[in-house]
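Heads up: the structure comes next, in structure tokens.
The values are calculated or read from the model by the stated rules, or taken from the named source; none is laboratory data. Because the structure is predicted, anything quoted here is derived from the model rather than measured. We place every Cβ from the backbone using ideal geometry, glycine too, and count neighbours over all the protein chains shown.
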2 protein chains.
Amino acid sequence: MTALSPLAPAGFPALPALAGVRLGATAAGLKYHGRDDVMMAVLAPGTTLAGLFTRSSMPSAPVQWCRQVMAGSVRALVVNAGNANAFTGAKGLAAARSTAEAAAGLVGCAPGEVMLASTGVIGEPLPVDGLVGALPALFARLTADDWEAAAQAIRTTDTFAKGATRSAQLGGVTVRLNGIAKGSGMIQPDMATMLAFIFTDAPLSAPVLQALLSAAGERSFNAITVDSDTSTSDTVLAFATGGAGGEQITAADDGRLDDFRQALGALTIDLAQQVVRDGEGASKFITVRVCGAADDASAKRVALAIANSPLVKTTIAGEDANWGRLVMAVGKSGEPADQDRTAIYIGDEQAAAGGRRAPDYSESRAHEHLKGREVRLTADLGVGAGEATVWTCDLTHDYITINADYRS
Amino acid sequence: MTALSPLAPAGFPALPALAGVRLGATAAGLKYHGRDDVMMAVLAPGTTLAGLFTRSSMPSAPVQWCRQVMAGSVRALVVNAGNANAFTGAKGLAAARSTAEAAAGLVGCAPGEVMLASTGVIGEPLPVDGLVGALPALFARLTADDWEAAAQAIRTTDTFAKGATRSAQLGGVTVRLNGIAKGSGMIQPDMATMLAFIFTDAPLSAPVLQALLSAAGERSFNAITVDSDTSTSDTVLAFATGGAGGEQITAADDGRLDDFRQALGALTIDLAQQVVRDGEGASKFITVRVCGAADDASAKRVALAIANSPLVKTTIAGEDANWGRLVMAVGKSGEPADQDRTAIYIGDEQAAAGGRRAPDYSESRAHEHLKGREVRLTADLGVGAGEATVWTCDLTHDYITINADYRS
């Protein structure tokens with residue numbers, strides 16, 4: 001594990017116990033030594049499920065498994081780190097099935113009620129015996145509050161464990177949301193290489209949970225990028241146990257959901273931003289905002305073109321106010337923009353206005369902003385009212401070091 | 001100028017004089033000191049012209065100028081390095097016009113017969129007085145054979161001057177093609193950040209020249225990528241003086257063009273590959289071939305997804321046979337592929353077959369291949385007969401060093 005990211009939060013937050021969730025972690029020695037690499041969660045009967053998965057055409061075996069068996073109900077989650085069980089053919093699918101069957105035997109449910117995720121190297125056979133062999137002892141000592149251990153166990157190149165918690169009022173009851181996540185490379189829009197698991201004791205039907213998760217995901221997990229690469233294994237799962245009590249909500253437009261929706265939005269953005277803050281080699285956290293676009297979707301494409309540009313990311317790493325590279329990235333996106341009305345901001349400093357350098361632009365003020373850990377870049381395209389915000393990090397020597405030497 | 005690229009050719013080739021072309025270079029001190037930064041070429045009356053330009057929605061003033069004035073005839077070319085005259089508003093367009101007018105006055109032609117290109121920093125006003133002031137003395141000493149000086153003058157972060165020459169038989173006459181180019185960063189498909197100028201003494205009408213250039217460009221300049229970024233300034237111009245004599249060819253499907261077409265194809269690939277060999281920080285030249293795709297266009301998109309993947313490029317830099325990242329990149333492209341029939345090769349070593357690691361795969365043989373300067377990566381998608389080849393380089397610490405510190 002490389003040094004702690006300079007953008008890491010102060011520590012892992014205190015996540016409360018949730019009625020209907022027990023979890024824990026253990027060391028199965030699948031790849032790493034001296035650390036946990038398997039986590040398991042068991043959910044109370046009646047827990048509902050929602051999911052978002054990678055759009056890769058080469059999905060991992062666990063992603064294929066989840067898509068295939070996902071129904072409204074779920075009883076367990078098993079996640080391993082160190083091996084992605086991706087591009088492993090029929091043997092990989094068999095390994096996924098064996099894992100689900102083993103967990104189902106312990107929990108007393110159908111294998112199809114067990115969700116799986118794996119993260120790590122692609123193309124290596126999963127050491128399934130080691131994984132399955134570790135489950136009974138792990139199952140025997142699950143607790144209600146081992147959130148940090150679970151978050152630690154699913155890390156790969158992550159330098160810190162990622163967690164977040166929120167609460168909301170729902171139909172007169174206080175409900176809680178806990179989330180854990182991993183991810184630091186192969187992170188890109190449309191579901192970064194990340195795993196995220198969100199647990200709530202709110203009483204929500206599966207379709208409602210899916211609608212809420214899909215909407216929240218678009219503005220969080222699908223609005224981050226570290227290196228533009230897309231994983232074979234991206235998975236976000238949400239589990240609603242209903243343990244808080246109250247009447248189950250069965251319509252996504254139910255007005256009682258407002259506070260929960262807001263809390264879920266904040267929680268997913270928190271987790272997604274933590275992934276960016278742990279971006280491989282990251283030294284700056286960058287917020288890219290695009291406004292004045294033809295529409296919101298166009299704004300997001302431009303924002304991602306900026307956020308994915310190696311030349312933009314290296315200029316930020318160098319604390320160089322080379323705003324011309326933002327112009328380049330806007331142009332590269334191919335989206336509608338009016339050069340003569342385009343404006344560029346670095347922090348609050350307007351670098352460009354009306355298609356050229358702004359008259360009062362101060363490179364030293366822009367440079368001051370870039371010296372900080374938190375960088376804001378804004379492009380106003382001057383053609384409409386569309387806007388979007390995405391988050392990314394800079395591209396540094398450490399990214400090269402980490403990725404030119406990942407498996408060694 | 002950083003150290004010479006380890007992938008550089010042995011030296012600048014010997015480019016012959018071409019009837020109807022005089023050229024030269026000078027130092028205008030626009031940004032660099034102690035080196036030439038302006039080149040000029042003067043073409044004989046009757047020279048025909050073809051061009052390819054960036055698809056950026058933020059094109060530079062010289063690109064706007066060329067697009068606006070381009071007709072069938074041309075008399076001069078003026079190129080400067082150090083300042084891109086991009087995102088410089090009305091003043092930038094006026095600076096381009098002033099430059100063309102000054103050159104036209106010297107040559108005795110219309111300003112619209114002067115082509116322009118600028119490369120360097122975006123968003124800084126072009127020091128047009130310095131550029132215009134340098135032209136009379138430069139014009140006075142143009143020669144027929146200063147090709148290397150011209151190629152040297154248009155460099156920015158390039159570590160070597162790029163040139164190529166070919167000859168062809170055309171209607172019983174031997175014709176020659178000379179080309180010079182620059183480019184090493186902000187290089188991506190759809191016209192890498194490069195400038196390339198191709199001169200021939202062949203007798204070709206402007207439409208024929210354009211048809212030949214467009215076709216050749218698709219398999220050369222538009223089949224390379226260094227960092228996925230697109231310049232505001234990409235320009236390829238071809239000039240045909242007709243000085244070799246013979247009847248002018250006026251139909252692109254004229255059978256007499258076969259040998260010329262082949263020579264132009266070889267010349268443009270040679271120049272495009274030189275740009276990749278000077279990719280910022282490059283230590284490996286990578287040929288990515290995709291076959292078995294739904295069609296050629298799909299194959300090219302997959303090849304570019306592989307070639308642009310930071311994780312693929314860093315794994316090659318690290319000489320690590322982490323072929324799972326190629327699978328990731330295929331999946332990321334979103335193009336049709338059959339996971340169970342996908343095969344991956346590193347050099348001649350088959351790493352994956354039938355959707356999993358190949359039974360006889362030898363990581364040490366793959367590693368042997370990756371230790372060389374020339375790396376070949378192949379993906380067979382197993383769905384059709386489409387194929388494409390693109391060229392790129394690895395992503396190294398030197399790319400970060402160069403780009404985090406470009407303007408300082």
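Odds and ends about this structure:
- Condition met for residue B:95 (farther than 27 Å from residue A:326 by Cα and small (Gly, Ala, Ser)): no
- Residue in the stretch A:347-375 that is surrounded by the most Cβ atoms within 10 Å (Cβ to Cβ), counting only those that are more than 9 Å from chain B (Cβ to nearest Cβ) and touching a Ser or Thr at 6+ places or on another chain (Cβ under 8 Å): A:349
- When each of A:390, A:383 is tested for being touching a helix residue (DSSP H, G or I) at 6+ places or on another chain (Cβ under 6 Å) and aliphatic (A, V, I, L, M), the lone residue that passes is A:390.
- Verdict on residue B:281 being within 20 Å of residue B:181 (Cα to Cα), in a loop (DSSP other than H, G, I, E, B) and not β-branched (Val, Ile, Thr): yes
- If you go through the stretch A:92-145 and keep only what is surrounded by 18 or more Cβ atoms within 10 Å (Cβ to Cβ), among the acidic types (Asp, Glu) and either in a strand (DSSP E or B) or at pLDDT 95 or above (or both), you end up with just A:113.
- Residue in the stretch B:4-21 that is part of a strand (DSSP E or B) and touching a strand residue (DSSP E or B) at 6+ places or on another chain (Cβ under 6 Å) present: yes
- Looking across the stretch B:315-333 at every residue that is within 27 Å of the chain's Cα centre (by Cα) and more than 15 Å from residue B:370 (Cα to Cα), the one that is nearest to the other protein chains (Cβ to nearest Cβ) is identified as B:332.
- Within this structure, residue A:150 fails the test of being part of a strand (DSSP E or B), touching a residue at least 24 places away in the same chain (Cβ under 8 Å) and aliphatic (A, V, I, L, M).
- Residue match in the stretch B:111-119 (condition: small (Gly, Ala, Ser) and free of Cβ contacts under 8 Å to residues at least 12 places away in the same chain): no
- Number of residues in the stretch A:257-299 that are touching a residue at least 12 places away in the same chain (Cβ under 8 Å), over 17 Å from the mean Cα position of the chain (by Cα), surrounded by fewer than 24 Cβ atoms within 10 Å (Cβ to Cβ) and away from chain B (no Cβ under 12 Å): the value is 10.
- Test: residue A:141 is more than 24 Å from the chain's Cα centre (by Cα), of a type in the set (Lys, Arg) and within 30 Å of residue B:359 (Cβ to Cβ): no
- Restricting B:382, B:386, B:334, B:347 to residues that are among the small types (Gly, Ala, Ser), under 26 Å from residue A:64 (Cα atoms) and in contact with a strand residue (DSSP E or B) (Cβ under 9 Å, 6 or more places away or on another chain) narrows the list to B:382.
- Residue within the stretch A:327-336 that is out of contact with any His (no Cβ under 7 Å at 6 or more places or on another chain), surrounded by fewer than 22 Cβ atoms within 10 Å (Cβ to Cβ) and acidic (Asp, Glu) present: no
- Any hit, the stretch B:124-138, residues being acidic (Asp, Glu), in contact (Cβ under 8 Å) with a residue 12 or more places away in the chain and more than 25 Å from residue B:163 (Cα to Cα): yes
- Residue match in the stretch B:63-80 (condition: within 14 Å of chain A (Cβ to nearest Cβ), under 25 Å from residue B:274 (Cβ atoms) and not in a loop (DSSP other than H, G, I, E, B)): yes
- Listed conditions (1) touching a strand residue (DSSP E or B) at 6+ places or on another chain (Cβ under 7 Å); (2) at pLDDT below 95 are all met by residue A:396, apart from (1).
- Near pairs, Cβ below 7 angstrom, 6+ apart or cross-chain, from the stretch B:81-97 (among the aliphatic types (A, V, I, L, M)) to any residue that is surrounded by fewer than 24 Cβ atoms within 10 Å (Cβ to Cβ) and in a helix (DSSP H, G or I): B:93/B:64; B:95/B:128
- Selection count where residues are within 18 Å of the chain's Cα centre (by Cα) and without any contact (Cβ under 8 Å) to a residue 60 or more places away in the chain, scope the stretch B:60-79: 1
- Test set (1) within 28 Å of residue B:204 (Cβ to Cβ); (2) over 15 Å from the mean Cα position of the chain (by Cα); (3) buried (at least 18 other Cβ atoms within 10 Å of the Cβ) - residue B:173 fails condition number: (3)
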